[in-house]
1. I'd like the orientation of helix 16-26 relative to the chain: the angle between its Cα long axis and the longest Cα principal axis, in ° from 0 to 90, rounded to 10.
2. For Ser73, what is the net charge nearby, where nearby means another residue's Cβ is under 14 Å from its Cβ and Lys, Arg count +1, Asp, Glu -1?
3. Would you please report the Å³ per residue occupied by the convex hull of the alpha carbon atoms in segment 9-73?
4. Which net charge results for the neighbourhood of Met56, defined as the other residues with beta-carbon distances under 14 angstrom from its beta-carbon, given Lys and Arg at +1 and Asp and Glu at -1?
5. Find the Rg to Rh ratio for the chain, where Rh is the Kirkwood radius over alpha-carbon pairs and Rg uses the same atoms.
6. Can you put Leu30, Leu3, Leu93 in order, fewest other beta carbons within 10 Å first?
7. Only loop residues by DSSP count here, and only those with at most 10 other Cβ atoms within 10 Å; note down the GluC sites (Glu not before Pro) in segment 56-145 that meet that.
8. Fewest to most neighbouring Cβ within 10 Å: what's the order for Tyr121, Tyr129?
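Every read-out reported here was derived from the displayed coordinates using simple, explicitly stated rules and does not represent laboratory data. Every value quoted in this text rests on a predicted model; they were computed, and no experiment measured them. Here the Cβ is made from the backbone with ideal geometry for all residues, glycine too, and neighbour counts use every protein chain on show.
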Amino acid sequence: MTLKRMDHVGIVVEDLAAAVAFFTELGMELEGEATVEGEWADRLTALDGLRSDIAMLRTPDGNGRVELSVIHSPEATGRAPWEPVSTPGIPRLTFVVDGVDDTVERLRSHGAELVGDTAQYEELLRYAYVRGPAGVIVGLVEYFD
């Protein structure tokens, strides 16, 4: 059996509308929204009585997708840790953008906070990490041609 492609990355958030606003400000396009529940969802997640609202977004080139979800039931038993970038298992999504500094500023109005500083590697690229919805680390990279 051969891997065909990555389908999407999923992130559980507390405020779906705010998370959608964050990722659309970044430049992603909303594909659609739905409610997910029922026996198949319970079996998939090993959670009894799962009820979730989801939004699916895609990158402008159509190759990357992010699923944002709010789980209404069952109630969460805790929160994901806000650990440093070096912590094994901490999710990090990275997107190529036209301008890192401008993108960081636009995302600040949606709650983004720089993890460290914006850094430039030689004359090749400019890179920044921000904390996005639910504390997920979002990498923003600008390549110089």
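1. 30 degrees
2. Numbers: positive: Arg51; negative: Glu37, Asp42, Asp48, Asp53, Glu75.
Cβ neighbours under 14 Å give a net charge of -4.
3. On the way: hull volume 5.1 nm³, N = 65.
With only Cα atoms used, segment 9-73 gives 78 Å³ per residue.
4. Once positives and negatives cancel, what remains is -4.
5. Details: Rg = 16.5 Å, Rh = 16.6 Å.
Here Rg/Rh amounts to 0.99.
6. Values: Leu30 13, Leu3 5, Leu93 16.
Arranged by neighbour count, lowest to highest, Leu30, Leu3, Leu93 become Leu3, Leu30, Leu93.
7. On the way: sites: Glu67, Glu75, Glu105, Glu113, Glu122, Glu123, Glu142; in loops: Glu75, Glu122, Glu123.
Passing sites in segment 56-145 are Glu75, Glu122, Glu123.
8. On the way: Tyr121 10, Tyr129 22.
Listing Tyr121, Tyr129 from fewest to most nearby Cβ atoms yields Tyr121, Tyr129.
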